[in-house]
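Heads up: the structure comes next, in structure tokens.
The values are calculated or read from the model by the stated rules, or taken from the named source; none is laboratory data. Source: prediction; values computed, not measured. Positions of Cβ are backbone-derived with ideal geometry, glycine not excepted, and every protein chain shown enters the neighbour counts.
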Amino acid sequence: MRDKQRLVQECMDRAVYKQEVAGVVALEIKEGKEVLFAKSGFADIKNGIPMSRDTIFRLYSQSKPITAAAAMMLVEDGILDLGEPVGDYIDSFNNQTYLSKGKVHKVPSDKKMRIRDLMNMTSGLVYPGINTPTEVAVGRLMTNMEKRLGTDKMMTTMEFADKIGRIPLNFIPGSHFQYGTSADVLGAVIEKASGMSFGDFVRARILDPLRMNDTDFYVPDSKKDRLAKAYRNVKGRLIEFHGDRLVIRNNGDINPFESGGAGLFSTVDDYARFAHMLINGGKFGNKRLLSENSVKFLTSGKLLPYQQLDLEKWQGLEGFTYGNLMRVLDDPSQATIIGNKGEYGWDGWLGAYFVNDPSTKTTFIMLVQRFDYGTGPLTRKLRNIIFS
């Protein structure tokens, strides 16, 4: 029999030795029982602080599944309806425009952005980029917000949503898939619908019931020594990265922009509690956070064939579809990793990664902090050890 623990450890150690990553932690849970935990390398190279089980990581986009679960709770409560226009909650979305062939047009009244478009990244909202005037305008907005971090003029979740609603969309809602700021706007919708700040809602409905005590939109000073440093690989060497990105404060300080798309900080064990709740059909211990039907809906999203064409340009997501802020493995024969049909999860910009495989009741979580890593070579190698 293969010694999985040894293979995972050796694979991690090689990546650290080659300076692919500074440090990494990984956890596998099967049928609710821990099968494997491994760590390698450093949370802070300069100060010689090794990775540990309670190291805190910036989740970046791995925040998105938690935001999607929060939205489903309001759907289940009869408060949110995925078919509702976003403009019912954020006024600037009532008069939206979109780009087509370099010109700005009014969004037709029967094509208004709906909450389901936020869940499926079919909204026309984008991340900063250089390919279209919309991407450039979003970049300017976020750069301006980043300049205000740490001042008394920091922007809130709702202010951000209001401002981004005034920028022309990249396309008519529903007509394409494009990864972008949809989850951040969804956070503002949840805020308006629930009558609580987005952070308070997430804490009350998800973090507190799951005892995710080290997860929040900031890192308290008492825990700062556990926050891993972020690193950038420059010409084969790891250099510490200090910048703020997507308006997330690298130092973990308080941020009134509670980003549904990227804002959470967490640990491997905390995130495992959230993953366990999903794989367990919405239950955690004797607490039920979501109904089985809601979880089934949440974790089996699928793009329409014409939207799927856009996702197929995303190298590394071959064989996957997308919905409810998560990837879903639809055709394992086309994937670049070993996996089972129906597995779901997501990753983050600095390399946080999570997958739930309902067919084997397996959760795998891996956390690193490397600039622009997403699902990297180490992620795929570790996954292959786990799922082969």
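Below is a table of values for the structure above.
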read-out: Any chance S333 is more than 17 Å from the chain's Cα centre (by Cα), surrounded by fewer than 19 Cβ atoms within 10 Å (Cβ to Cβ), touching a residue at least 40 places away in the same chain (Cβ under 8 Å) and not in a loop (DSSP other than H, G, I, E, B); value: no
read-out: Pairs with Cβ under 7 Å, 6+ apart, first in the range 31-56 and in contact (Cβ under 8 Å) with a residue 60 or more places away in the chain and among the small types (G, A, S), second surrounded by 19 or more Cβ atoms within 10 Å (Cβ to Cβ) and in a loop (DSSP other than H, G, I, E, B); value: A43/M51; A43/T55; A43/A228; A43/K229
read-out: Yes/no for L378 being outside any loop (DSSP other than H, G, I, E, B), within 28 Å of F241 (Cβ to Cβ) and either touching a Ser or Thr at 6+ places or on another chain (Cβ under 9 Å) or modelled with pLDDT of 95 or more (or both); value: yes
read-out: Residue list for the range 239-296, filter: in contact with a Gly (Cβ under 8 Å, 6 or more places away or on another chain) and either part of a strand (DSSP E or B) or modelled with pLDDT under 95 (or both); value: I248, F265, R288
read-out: Residue list for the range 57-79, restricted to those being buried (at least 23 other Cβ atoms within 10 Å of the Cβ) and not in a helix (DSSP H, G or I); value: F57, R58, L59
read-out: Test result for T215, β-branched (V, I, T) and in contact with a Ser or Thr (Cβ under 7 Å, 6 or more places away or on another chain); value: yes
read-out: Exclusive hit being touching a Pro at 6+ places or on another chain (Cβ under 9 Å) and on the phi > 0 side of the Ramachandran plot, set G41, G48, G78; value: G41
read-out: Residue list for the range 95-134, restricted to those being of a type in the set (D, E, K, R) and within 23 Å of T67 (Cα to Cα); value: K112, R114, R116, D117
read-out: Test: residue in the range 243-253 that is touching a Ser or Thr at 6+ places or on another chain (Cβ under 8 Å), closer than 21 Å to K64 by Cβ, of a type outside the set (D, E) and free of Cβ contacts under 8 Å to residues at least 60 places away in the same chain; value: no
read-out: Pairs where the first residue, in the range 196-222, is more than 16 Å from T55 (Cα to Cα) and the second is basic (K, R), C-beta under 6 Å, 6+ apart; value: P209/K287; L210/R273
read-out: Single residue of the range 94-137 satisfying the filter (buried (at least 21 other Cβ atoms within 10 Å of the Cβ) and among the polar types (S, T, N, Q)) that is farthest from A262 (Cα to Cα); value: Q96
